[in-house]
Structures are given as structure tokens and as C-alpha cells.
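I have placed the structure first, in the form of C-alpha cells, so that the comments after it can refer back to it.
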Amino acid sequence: KWLEQMLATCHLPVTSITQTLEFVPSLHESWVWSHVQKQLGRPYVVISTAAGWVEKEWTLESWSQCVEYFNSKNIDVVQVGGPKDPLIEKAIPLLDQTTYVNIQIFKNSMGSILLDSFPLHLAINTKVPILLLCCKTCELTTWSTKNVFFVRNQWAKVTPYNFCKSFGCRLKSGEGLDNFCRSPIIKTLDFNNLIPLIEDKFEGLNDSKHN
């Protein structure tokens, strides 16, 4: 659906697009994925910690708390993203992978916790649950794919920045040059507020074989 919406803005006719895209891997990608699988011996979830604008990012301390939570349940956390993303201690770093390998990582996971960044666009092509960390009043920013669940920061104050750099934000007024953003940054989002949704959406989270 997200691709249909994007193409619709370009006034291109779209008949039917399936949610799950299939990629034909090169021999090298198949080899890389086979080696990646050897690092993933037990159930895992996927995270990605960086976004194009700092207003969209969570704190490294919160990501570390997230990893500790899953590790306590004998579930690994795999970190995907760009080569310069800050590494989260105790997460399995699988950064700078190809599109095919990233999608395989997502498809074989229990689910993912992501920001509004490029890995999200890959993950929505799978059927695994995605917890999308986003702002308080982003009701205009939606994904019609059923596996995306919004975690909105309802506790933060408005952004403290004098000049918001999120030019892509649909809540901006005019030319986006004034600080009219009604969406607070997610940095103050408490990880504990994610736990009920994690327990509800990540199937097998409390399976006795993990504990």
C-alpha cells in the first residue's frame, strides 16, 4: 500500500501491488546470508538506531535498555542500518548489508523496533510486526500495512529546537521554515511504555523454550 500511495502522488496507474516483495539474490548475497544465519542461533528481534534527522532518533541509553530486556528473555537483538550508526552494546551488529540480506534478516525475526528511516521501508515488505517509534501528533503520517504498530510519545513536550530540520514532516506549515512542529521529539520516550505492545505483538516472546 505504501508503494501504491507513493506512485499515486506521481499520477502513475497502479493496479495491484503485493506487500511482500521477492528479491533474487546474487551468488555473493546468498553466501553472505548463509554466513549471517550462522550468527543467528536463537530467536531475535531487529533494531535500527539512526535516522536522517536527530528529531527522529531515540537515545542510546534507551536502545541499550531495549537490548537488555530481550537478552533477559534469551532473545538476541540484531542491529541493522548504515556503517556509521552508533553500535549498541550486546546487540549483534549486522550493519551495511544489501537490501536482500536486510530483508532476510527482517523476515526471519520475531519483529523489529524501528525509527522512521530507510530500514523501515525494507521491513514493511515482510509480515513480521514492526513497532515504529514516532512523535505524539503524527496522525497524518500513517502506514497502511497491517504489520506496523505506532508507538507515539504521548509524554514529551514540544521540540526544544528553535529551528526544526524535519523539512519532510507533514505537520509543518508554510514552507517549513518556522518552528510550527506540533510533534515532540521521541528522545523522552520511556522504554517501559513499549513493553505492553512488545508482549502483545511479538509472538512467542514468553515461550518457555527461550527462558
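A compact table of results
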quantity	calculated
Largest-first ordering by accessible area, 1.4 Å probe, given options Val46, Val32, Val24	Val24, Val32, Val46
1.4 Å probe accessible area per residue over the range 73-119, in Å²	39 Å²
Probe 1.4 Å - accessible area at Tyr100, Å² to nearest ten	30 Å²
By accessible area with a 1.4 Å probe, ligands and nucleic acids excluded, highest first: order of Asp116, Asp85	Asp116, Asp85
Label point distance in nm, Gln37-Ser72, each placed 7 Å from Cα along Cα→Cβ	3.3 nm
Segment His28-Asp96, length gained on full extension (0.36 nm per residue, minus Cα span)	23.0 nm
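The values are calculated or read from the model by the stated rules, or taken from the named source; none is laboratory data. Every value quoted in this text rests on a predicted model; they were computed, and no experiment measured them. Positions of Cβ are generated from backbone atoms using ideal geometry, with glycine treated the same way; all protein chains shown enter the neighbour counts. In case anyone asks, the SASA skips ligands and DNA or RNA and just uses the protein heavy atoms, side chains included. Shrake-Rupley method; radii C 1.70, N 1.55, O 1.52, S 1.80 Å.
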